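The values are calculated or read from the model by the stated rules, or taken from the named source; none is laboratory data. Computed from a predicted structure; not experimentally measured. Because the Cβ atoms are built from the backbone with ideal geometry, glycine has one as well, and the counts that use them run over all protein chains shown. Note: accessible area is taken over every heavy atom of the protein model, side chains too, but ligands, DNA and RNA are not part of it. Shrake-Rupley method; radii C 1.70, N 1.55, O 1.52, S 1.80 Å.
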2 protein chains.
Amino acid sequence: MKSKIITAEWILSSAEYPPIKQGAIVIEGDKIIDISSQEEILPKYPNYTIINLGNKLIFPGLVNAHTHVPMSVLRGIAEDLPLMTWLTKYIFPVEAHFKREWVYWGTKLSLIEMVKSGITLFCDMYLFEPEVIRATEEVGLKALLGEGLFDFPSPGYGPLEKGLQLTEELLQVFERHPKIRIAVSPHTLYTCSPETVKKCLKLVEKYSAPLHIHLAENSEEIKEIQKRYGKRPVELLNELGGLSSHLLAAHCVKLNVREIELFAKRGAKIAHCPESNLKLGSGIAPLPEFLKAGIIVGLGTDGPASNNDLDIFSEMKTAALLHKGLREDPTVVTAKEVFAMATEWGAKALFFNDTGKLLPGYQADLSALDLSQLSLQPDYNPLALVVYSAKAGLVSDVMVDGEFIMRNYQITTVREDYVRERIHEIKEEILLILRKNFTSIS
Amino acid sequence: MKSKIITAEWILSSAEYPPIKQGAIVIEGDKIIDISSQEEILPKYPNYTIINLGNKLIFPGLVNAHTHVPMSVLRGIAEDLPLMTWLTKYIFPVEAHFKREWVYWGTKLSLIEMVKSGITLFCDMYLFEPEVIRATEEVGLKALLGEGLFDFPSPGYGPLEKGLQLTEELLQVFERHPKIRIAVSPHTLYTCSPETVKKCLKLVEKYSAPLHIHLAENSEEIKEIQKRYGKRPVELLNELGGLSSHLLAAHCVKLNVREIELFAKRGAKIAHCPESNLKLGSGIAPLPEFLKAGIIVGLGTDGPASNNDLDIFSEMKTAALLHKGLREDPTVVTAKEVFAMATEWGAKALFFNDTGKLLPGYQADLSALDLSQLSLQPDYNPLALVVYSAKAGLVSDVMVDGEFIMRNYQITTVREDYVRERIHEIKEEILLILRKNFTSIS
């Protein structure tokens, strides 16, 4: 068992505890066994290897609670358009021809970007999800992953039955995997019939698996479900038996008071994606009410085609600032709350209960901000630096399960230059498809 | 006269023109004389030195239209507090003891941060502004600067008359300075009486100088001015003769329809600071209405104590996203509009009419994003990359008046390590003052 001590100028163990000046974390294998000041730790563990990160701020690895990582290959193809134009003229035509290979390389691109912004755990739903799994294992992140399921045939698996079969196979294969877990992932209530959702819920029950779905994202969805079924999406999902502690619902922009109460009562989780919700014109989720009700809320970037980055620092800041401004009250949604959302609550929302804090017994998943960067000075308040001042490019080191996957700004697990070359080629292939659809970049 | 050609993978000359693939800019001295593709430019100027930036995206240097750069020494001292607590328990006690030296070093800290986020021009108002000027000249940025004027004595200059005198001296000294211009800068209408504003306006008229003031920032200001004078701030400033094309008004969160029309009619400019307005709970300025009315609007970070960074990329994204979400319409406030706000309109708002675009006749003020960074790939849409995906740490090169002030990620004009050391010492001095006021970091 490899044992080591990681030291740094500051360590932020979680939102609850004050930051530790001149801190030290003791790691045995993949687990944290002790954390305190260097003064206390170093004499206590005399034979451990010391890795001194220097003038850094160590914090729990960030959690991206909802995204579609392969969509990085579509970053920037169309901007500022009405949602239906964006989908029907750009996203859908390309997705209809989406290749297995694009998923693999797009995922690698996104994962490198996420590591560089301090993320150690994420949740994804897309096409060809086995390729996402393969890339995730290579880069070394943790993830809750699921093949997006639809009533109509998918380029990823063909007819729905094959998708359910794929999901079940993945649930079996990854049942005890240390880093990858599988979510049953019906896309939405307007692309999956009640019958499909029921089939999904059977898998959820059989494998005690998470259910990941887009829910109550915008007014159009509410209207469409009302029209089809005479009820609101949350009501429908509840009647189908989906509103349980297994649920991770992305967006939830349009939850009403009763629905918020129901989420809290059932222990259902929410992936809050403030920047995507703004950019697509979906609206602003009632985050202060989620928090007041005690719902477990994580922060997600959503796909990089509608954001256009995979930066949880930025989501923390946006989540904290938005409601202060809207309600004209600077005390609403605190830095501590959004930090918890980006770490421990995010981990819980993704059903990883052993990560998200740097405390004994937790997995050694952590990131380090480089405090020698002038934009992170002075260091009065390390937590405020993480939430309000940090940028994706200022993370120097990232560790997952006790192993560095980035060290001194260098990804250690995969080669960036290969990814760069392949993305360049894939871009040309995608431009060709858009041209065939008589569409130019907007 | 030094002549050179700068080449790069992409050049974005302004919001109006499509980006140039494999672009080249021809610079003579401090001015751009030509811009086009390398194919066209290179044979036309055979004897010019070529500086190839490689896989970069060159764009006009960004403009930070409103800030208080020395306040970086206070970054993070207090967060998520009611405005009056924040001011009276933290900001004011420290500002009462603010030292000339802190201004110099705080400015250097902020300017290095701004250069690294691609900013070439900014507007500042604070105490001891001559120290801001000194640091700005050393780092090599352009700026519109002014000593903040108050009715009460300032640690910067003593009694008001001395402040007006200082302003007039600066106006004379910097009348023909290539990079530094001076603004008459009464702080607000609640810290400056109508008499003071009138004295300021005399200087504005005498020197045809800009007037920089905080205006209609929040509801408290509106109430306070209503209470004192029976009218709204814009009404009061208008009656005093301040609402002219010389005006650069920061914030303007609480402008009503009539006031927006008046701003447009008079050619008054606005520095829109969306993140600070959110964070301090001031509210959300009606940006779409400003743009519709044809007002010249720049983007500002406000002081780094209330933001907590000096990042115009982030302000662009926030400005674009906010109203899409609020109005549930993704077509509102486009990437092109916020890019114009961060470049040419910002420059106009600061009365620098010869910068903000990369076109013949304009000054050679430009920045370059490093496209080899995976978070800036693929490059379908360079403008969208700048607005929605770029981060402060991904700028590699910055040029002002034809000279690099950052080259290949290295600031060329000042040494960062000195700044780091002094900021560390200043932090300890400030902590001592807070402790004397029985206040701990919040």
Review point. Scanning for something part of a helix (DSSP H, G or I), within 27 Å of the chain's Cα centre (by Cα), at pLDDT 95 or above and assigned by TED's automatic domain parsing to the domain that holds B:LEU299, does region B:59-70 turn up at least one residue?
Key: yes
**Study point:** Residue among B:PHE313, B:PHE290 that is assigned by TED's automatic domain parsing to the domain that holds B:PHE122, free of Cβ contacts under 8 Å to residues at least 60 places away in the same chain and among the aromatic types (Phe, Trp, Tyr)
**Key:** B:PHE290
Study note, to complete from the structure: Only one of B:LYS391, B:LYS427 is within 26 Å of A:ASN307 (Cα to Cα) and basic (Lys, Arg), namely B:LYS391
Check your understanding: Which ones in region B:56-84 are polar (S, T, N, Q) and facing chain A (nearest Cβ under 9 Å)?
Key -> B:SER72
Review point. Which of the following residues is in a strand (DSSP E or B), hydrophobic (A, V, I, L, M, F, W, C) and either surrounded by fewer than 24 Cβ atoms within 10 Å (Cβ to Cβ) or free of Cβ contacts under 8 Å to residues at least 60 places away in the same chain (or both): B:ILE91, B:ILE41, B:ILE33?
Key: B:ILE33
Revision key, fill the gap. Across region B:428-442, the tally of residues that are open to solvent by 10 Å² or more (accessible area, probe 1.4 Å) and either in a helix (DSSP H, G or I) or over 17 Å from B:VAL94 (Cβ atoms) (or both) stands at 7
Practice item. Only residues that are of a type in the set (A, V, I, L, M, F, W, C) and more than 20 Å from the chain's Cα centre (by Cα): list them for region B:134-174, please. Key: B:PHE150, B:PHE152, B:LEU160, B:LEU164, B:LEU166, B:VAL173
Check your understanding: Regarding A:ILE222, is this residue surrounded by 17 or more Cβ atoms within 10 Å (Cβ to Cβ), in a helix (DSSP H, G or I) and modelled with pLDDT of 95 or more?
Key -> yes
Exercise for review: Being aliphatic (A, V, I, L, M) and closer than 22 Å to B:SER389 by Cα is the filter; apply it to region A:284-316 and report the residue that is modelled with the lowest pLDDT.
Suggested key: A:ALA305
Review point. Looking at this structure, is B:LYS231 outside any helix (DSSP H, G or I), over 24 Å from the mean Cα position of the chain (by Cα) and either assigned by TED's automatic domain parsing to the domain that holds B:PRO159 or more than 24 Å from B:PHE128 (Cα to Cα) (or both)?
Key: yes
Revision key, fill the gap. A careful count of residues in region B:283-306 that are open to solvent by less than 10 Å² (accessible area, probe 1.4 Å), part of a helix (DSSP H, G or I) and away from every other protein chain (no Cβ under 12 Å) gives 2
Review point. Any residue in region A:181-201 that is surrounded by 24 or more Cβ atoms within 10 Å (Cβ to Cβ), over 30 Å from A:GLU289 (Cα atoms) and of a type in the set (Ser, Thr, Tyr)?
Key: no
Check your understanding: Listed residues A:GLY54, A:GLY76; which is assigned to a loop (DSSP other than H, G, I, E, B) and surrounded by 18 or more Cβ atoms within 10 Å (Cβ to Cβ)?
Key -> A:GLY76
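Let's see how each residue does on (1) modelled with pLDDT under 95; (2) touching a helix residue (DSSP H, G or I) at 6+ places or on another chain (Cβ under 8 Å); (3) under 15 Å from A:ILE77 (Cα atoms):
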residue	(1), (2), (3)
A:GLY402	no, no, no
A:THR413	no, yes, no
A:VAL419	no, yes, no
A:LEU434	yes, yes, yes
Check your understanding: Hey, B:GLU425 hits all of (1) in contact (Cβ under 8 Å) with a residue 40 or more places away in the chain; (2) within 13 Å of chain A (Cβ to nearest Cβ) but one; which does it fall short on?
Key -> (1)
Check your understanding: What number of residues within region B:329-363 satisfy the criterion of being open to solvent by 10 Å² or more (accessible area, probe 1.4 Å) and within 14 Å of another protein chain (Cβ to nearest Cβ)?
Key -> 7
Review point. In this structure, is A:VAL132 free of Cβ contacts under 8 Å to residues at least 60 places away in the same chain and either open to solvent by less than 30 Å² (accessible area, probe 1.4 Å) or touching a strand residue (DSSP E or B) at 6+ places or on another chain (Cβ under 9 Å) (or both)?
Key: no
**Study point:** Any hit, region B:100-118, residues being of a type in the set (S, T, N, Q), crowded, with 21+ Cβ neighbours inside 10 Å and more than 18 Å from B:TYR418 (Cα to Cα)
**Key:** yes
Practice item. Scan region A:307-328 residue by residue and report those that are open to solvent by 10 Å² or more (accessible area, probe 1.4 Å), in contact with a Pro (Cβ under 9 Å, 6 or more places away or on another chain) and either facing chain B (nearest Cβ under 7 Å) or in a helix (DSSP H, G or I) (or both). Key: A:THR318
Exercise for review: Looking only at region A:263-282, decide whether some residue is under 14 Å from A:ASN64 (Cβ atoms), small (Gly, Ala, Ser) and more than 13 Å from chain B (Cβ to nearest Cβ).
Suggested key: yes
Revision key, fill the gap. So, first residue more than 21 Å from A:PHE152 (Cβ to Cβ) in region A:171-190, second residue part of a strand (DSSP E or B) and open to solvent by 40 Å² or more (accessible area, probe 1.4 Å), Cβ within less than 8 Å, six or more apart or across chains; the pairs are A:PHE174/A:ARG181
**Study point:** Matching residues, region B:277-303, being among the polar types (S, T, N, Q) and under 13 Å from the mean Cα position of the chain (by Cα)
**Key:** B:THR301
